[in-house]
Structure formats: structure tokens, C-alpha cells
Amino acid sequence: MIQSIRGFKDILPGETGVWQKIEKTAVSLFEDFGFCEIRLPVLEHTELFSRSIGKDTDIVEKEMYTFADRKGDFITMRPEATASIVRAYIQHRLYAVDPVQKLYTIGPMFRRERPQKGRYRQFSQINAEVLGVDSPLVDAELIFMLAELFRRLLVSDVSVHLNSLGCPKCRPGFTKALQRFLAKVTTQLCADCQKRKDKNPLRVLDCKVLACREAVADAPAMIDHLCAECEAHFATVKNSLNNLKVKFEIDRRLVRGLDYYTRTTFEIQTGSLGAQSAVAGGGRYDGLIESLGGPAQPAIGFAIGFDRLAEIVAAGNNNAAGGIDLFIAALGEKAKTAALEWSCALSIYGIKTETDYSDKGLKGLMKRADRLGAGHVLIAGDKELDEGVAILRDMSTKEQVSLKIEGIIDTLKSKLTAK
Ligand code: HAM
């Protein structure tokens, strides 16, 4: 039997309802905030990611699905979407229409990490990015929107972690201070961090190896080395979040795993996912557009781990297993023909209807109605049809009423949409 590839999973019919609910909620919220959808290719030139995410990051060093195509061009299955959004902004000169672009995109990403619960090699992200705005007010607006999505999805076990990573003016001073500190604890660092400490010292703060975490417990923090402009920017983000009543905690260790970040960085963490605590992450990347050949425009955005969010929402949603409004238990050939007509007519009015064209008896049909979580069952046999009636059973109260076939669509419409 051929199985799916390790780390690549199917999202089964019992799970897709939650995915659709999340997507619907996110899209309607983002559109209320003035975001437009952008759809991007899954394959990009490898260079796009090495130049944006950074050559010395885990993603670029170890996790990308990269291959030479038949002509020998290096191609990568995107590990994230921000770089592609920036590429599209530059390539299609979206900035010439309006430098401010508020974009969202939803789709699969690929990273060859070690698979475990909440960590897959193909996973999906919901991204929202604001390009062309420097104001810290937009940072607060974006984080508010993200927190609002969690609120709408009734996800409460989450906390907002916030940090600032400074800018090209203040970062070098901090990097030096960090390198001086790391030189003192070199022997305690893992082999990867021994290399990172010279090439990309910030990454050491991000290392998941316990010994490294302990070694850097007292390392200097960027937040203590911010220049006056970054300090003021960060202060406005924090004040605005307080005014918007978004709870957050300052996380001095939060550096994120990608190199393009500047200033505000944040993560939404949860206690409900075991080791994979980050359900969303993002921040400013004020230098990225220019470094990829575009205009000097600032930007900020986030990505939600769709698979992780779906797991949290599903866990809190045990009883909401889909469900339908009406199941038509049609007994006999005439009844089945009528059931087809009725279920098509009711679907037009948004009433979720299911029928069964097999030759099951009433007991079997009622079992199926139960399994589908039907709110009501319409029982119609050829005999009842001849008498011009059908029976409507409310599955929660078990009450039954007799309905006239004449005008039955209108009767059902008013009964089933009244609640
Ligand atoms: P990231 O932190 O690498 O950021 O990923 C964002 C989210 O994607 C994570 O918080 C996590 O929920 C989910 N995720 C990452 N890797 C996996 C995986 N292997 N399996 C399942 N879920 C995963 C970015 O990708 C940035 N592009 C975010 C951003 C947008 N920054 C600015 N704009």
C-alpha cells in the first residue's frame, strides 16, 4: 500500500470543517480591516529565500526543499510566504499604485523539519502583511487583529509575546555585546551555536538545545540596547496595545528564526500544543523590500500556523461535529424522487440537507441521520406521499409533526430557519 510521505498529511473530511471555519473567520476579519488577498506560487528561485530569510538560519541551512530543475536552475518549495509577497510587490510594482499594500495569503509551506505533533514538512500558514507603513500604530493594529481572530475562534489559551529587535543603527552595538558574552560561554554551546556565534550570533538566542538555553540565560537583550528612535517606536506599540486592551508580555529572548526582522517582533504562544508552542509569529521587516531590489519601504506582518490553530480549535470543539439541518428518510422509489427534489430546493435556501438513496429501512436511515448530526428528519414513505403528508421529527426533543406535502418547501424553510 502506498502511504503519504513522512511529515505530509491528509486533512480528512472530519477535520476540514474546522479548517473552513478558521479560513472564513480570518478572511472576513482581514477584509474588515482592509486587507486584500494575494495568491502566490509555491515554487520560487532559491535565492529569494537565502537572501531574505538569511543564509545562516536553520530554514535555509537545513530545512528547504531545494532542487535543480531540468535546466539546472535552483528552485525551492517555499518555506514561508513573506519573501514571495515582497517579491510580488517589487515585481509587479504594486508600490507604484499605492506604496501601502495590505495583503493576506493562505496556503501550504514546506520545511524539512523533524515531524512531530504540530510540526509537519508540509504545513499551511495564514499570512497578513502591511507594506509601506512605518507607524508603530499599524504594529498595534495588526497585533489587535490577530488577537481578535483568536477571540472570534474562542481560543483563549494564548499569550502575546512581544520584543523589539532594533534597527541597523542599534543592532550592531548589541551584536558586539552579545558576541562578547558568547565568547565567555563558548564551551557550553552546541556545535551549531559554536559556528553561529561568529556568523549570526542572534541565532544562538533562538537555539532549542537545552544547554544553549541555559548558557544564554543571562545574555544581554536587544531591548536594553535600542536607539532612541527604536525605543520610542516600541513605546508607542506597547501604549497602543494597552489602549486597545490587548494583553501582552515582553519577551526579551524572542528573536524569531528569520533574519529579516527589525524592531517589533511578536509571537502568539499557547500551552495546548505541547512542544510546539508558537501558533503565530511575525514582526517588522523594514529593510527587506529595499534589500530585494525594491523601494525603501518598511513593512510588518505575521503568519499563523494553520495546522496548529486547527488542532487547538478542534480540541475545543468536540461537540460541534459538523451537523446538518435536515435528513430526508425516503422509503420507496417515489419518495426518493421527491427527496431529491426537496433536498436540491432546500440547499438553494442554505438549509443543509442530506438524503439517502439506498434501500435501507427506517431503522438504518435513522441511524445514518444520527451519525450525520441531523437536527431534523423528514420521514416520507410512498404511502404517506399518496396521502399527501410527511412526518417531521425534531431530533433533540423527539417531537413529531405531520406536514402537508403541498407547500412543504416553504413549511420546512420557515421551520428550519426560524431558530
Ligand atoms: P515562522 O515563525 O517561521 O514565521 O512561522 C509562523 C508560524 O508557522 C509558526 O508560529 C508556526 O505556527 C507555523 N509553523 C512553522 N513551521 C511549522 C511546521 N513545520 N509545522 C507546522 N507549523 C509550522 C514565518 O514564517 C514568517 N514568514 C512570519 C511573518 C510574516 N513575519 C512577517 N510576516
note = Here FRET efficiency (C-beta to C-beta, Lys55 to Arg371, R₀ 60 Å, nearest 0.05) is 0.65
task = State, to one decimal in nm², a quarter of the convex hull surface area for the C-alpha atoms of the stretch 326-412, i.e. the direction-averaged projected area.
result = 5.0
request  = May I ask you to sort Glu23, Glu31 by Cβ crowding, counting other Cβ atoms within 10 Å and putting the fewest first?
outcome  = Glu31, Glu23
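Provide Ile289, Ile11 in ascending order of the number of other Cβ atoms located within 10 Å of each residue's Cβ, fewest first. Don't skip to the answer; put the middle values down first.
On the way: Ile289 25, Ile11 13.
Listing Ile289, Ile11 from fewest to most nearby Cβ atoms yields Ile11, Ile289.
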note = Toy charge model, Lys and Arg Cβ at +1, Asp and Glu Cβ at -1: the stretch 326-412 dipole around Cα centroid in debye, rounded to 20, equals 400
ask   = Which residues' amide hydrogens lie under 5 Å from the amide hydrogen of Cys227, considering only partners 5 or more residues apart or on another chain, with H built in the peptide plane?
value = Cys167, Cys170
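For the chain, give me the percentage of DSSP beta bridges that are antiparallel, rounded to the nearest 5 percent. Let's see the in-between values first.
Working: 52 of 66 bridges.
Roughly 80 percent of the DSSP beta bridges within the chain come out antiparallel.
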query = Going 7 Å from the Cα of Glu31 in the Cα-to-Cβ direction, what parts of the stretch 130-165 have a backbone nitrogen less than 16 Å from that spot?
reply = none
key: Scattering curve values for the chain, log₁₀ I(q)/I(0), Debye with Cα scatterers, q = 0.06, 0.13, 0.14 Å⁻¹   = -0.35, -1.10, -1.22
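What FRET efficiency would be calculated for the residue pair Asp73, Ile324, taking the C-beta separation as r and a Förster radius of 60 Å, to the nearest 0.05?
On the way: r = 49 Å, r/R0 = 0.82.
Step by step, r from the Cβ atoms, then E = 0.75.
Evaluate E = 1/(1 + (r/R0)^6) for Thr66 and Asp157, where r is the Cβ-Cβ distance and R0 equals 51 Å; express this FRET efficiency to the nearest 0.05. All intermediate terms of the calculation are to be shown ahead of the outcome.
Values: r = 36 Å, r/R0 = 0.71.
E between Thr66 and Asp157, to the nearest 0.05, is 0.90.
Which order do Arg151, Arg114 fall in if you start with the one that has the fewest other Cβ atoms within 10 Å?
Details: Arg151 13, Arg114 9.
Placing the least packed residue first, the sequence is Arg114, Arg151.
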note = In Å, the C-alpha Rg and Dmax of the stretch 280-376 are 24.5, 71
query = In the calculated pair distance distribution of the stretch 89-183, what percentage of Cα-Cα distances lie above 17 Å?
reply = 73
inquiry  = Testing the spin-label approximation: label points 7 Å from Cα along Cα→Cβ at Ser347 and Arg112. State their distance in nm.
reply    = 4.4
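Laboratory data are not the source of any read-out in this text; all were calculated from the coordinates shown. Computed from a prediction, not measured in an experiment: that's the story for all the values here. Here Cβ is always computed from backbone atoms with ideal geometry, including for glycine, and neighbour counts include all displayed protein chains.
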